[in-house]
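Have a look at the structure below before the remarks.
The values are calculated or read from the model by the stated rules, or taken from the named source; none is laboratory data. In this text, all values refer to a predicted model and were calculated from it rather than measured experimentally. Cβ atoms come from the backbone with ideal geometry, glycine included; neighbour counts cover every protein chain shown. The accessibility values were calculated without ligands, DNA or RNA, using every heavy atom of the protein model including side chains. Shrake-Rupley method; radii C 1.70, N 1.55, O 1.52, S 1.80 Å.
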Amino acid sequence: MSRLRITEIFYSLQGETRTVGLPTVFVRLTGCPLRCTYCDTAYAFHGGNWMTFDEILTAVASYHPQYVTVTGGEPLAQKPCLALLKELCNAGYQVSLETSGALTVRDVDPRVVKVVDIKTPGSAEASKNMFENISYLLPHDQIKFVICHREDYEWAKSIMAEYNLTNVCQILFSPSFEQQKAADLADWILNDRLQVRLQIQLHKYLWGNVSGR
């Protein structure tokens, strides 16, 4: 029987990505091989509870959602995550996956919207980036850069140019919460006429740095 270690399953507004503001069920898997400086879900590194796929699907269905996000931690660190993503798609949900990009996304069901967080130098985990993942991305997928300072912004611009990312999928620039001013990042984007979407983590502006929201 397939099962996964789950930190929490909860219903909230999507705070990021293309579906920002839409009611969404979040399935947060336990465990992550990275330790980003700005991580806001360190509580998901350990613990959690084992749940079967049936238990997970029943919990998700109880909210009657349209959108489901599988997140972590790093959800792909648990291999059965791939099968769960497929099951969620088969159940008729619009499914997204939030992943660090440090593990391969090659075998993720193509129906899933992959949100790949390319780690900037400010994260202290840029060495973990698996850039070959870019070749597995589809037009409906998204690439996110969390910007901690101007140096991260310039680095992200260089990666965009090197890999021609604007022709791969939508690009998201997210200011690191309470570290990088969103207004300054917006000005940089506008001044450079950069073809990216600025996102400001809606959930944190609504409820602060609170888990399960």
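Values for this structure:
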{"quantity": "Estimated inter-spin distance, Arg18 and Tyr136, nm [label 7 Å along Cα→Cβ]", "calculated": "1.9"}
{"quantity": "Pairwise label distance in nanometres, Ala61 with Tyr43, each label 7 Å out on the Cα-Cβ vector", "calculated": "2.9"}
{"quantity": "Pairwise Cα inverse-distance average, inverted: Kirkwood Rh of segment 1-44 (Å)", "calculated": "12.3"}
{"quantity": "Over segment 46-158, equivalent-ellipsoid semi-axes from the Cα gyration tensor in Å", "calculated": "28, 15, 13"}
{"quantity": "10 Å beta-carbon shell around Pro33, net charge (K/R +1, D/E -1)", "calculated": "0"}
{"quantity": "Segment 13-90 versus segment 151-213: alpha-carbon centroid distance in Å", "calculated": "22"}
{"quantity": "Segment 112-201: GluC sites (Glu not before Pro) falling in loop per DSSP and having at most 13 other Cβ within 10 Å", "calculated": "Glu178"}
{"quantity": "Å² of accessible area per residue within the chain, as computed with a 1.4 Å probe and no ligands counted", "calculated": "47"}
{"quantity": "Relative counts (whole %) of C-alpha pair distances in segment 91-213, using bins that are 5 Å wide", "calculated": "2, 10, 21, 22, 20, 15, 8, 2, 0"}
{"quantity": "Mean Cβ count within 10 Å, highest first, over the residues of peptides 89-96, 25-32, 185-192, 100-107", "calculated": "25-32, 100-107, 89-96, 185-192"}
{"quantity": "Gain on full stretching of the segment that runs from Leu202 to Asp54 - 0.36 nm per residue minus C-alpha separation", "calculated": "50.2 nm"}
{"quantity": "Reachable lysines from Lys181, criterion Cα separation under 25 angstrom, eight or more residues apart if same chain", "calculated": "Lys119, Lys144, Lys157, Lys204"}
{"quantity": "Translational D in µm²/s for the chain (Stokes-Einstein at 37 °C, 0.692 mPa s, Kirkwood Rh from C-alpha pairs)", "calculated": "188"}
{"quantity": "Accessible area of the chain belonging to carbon and sulfur atoms, whole % at 1.4 Å probe", "calculated": "51"}
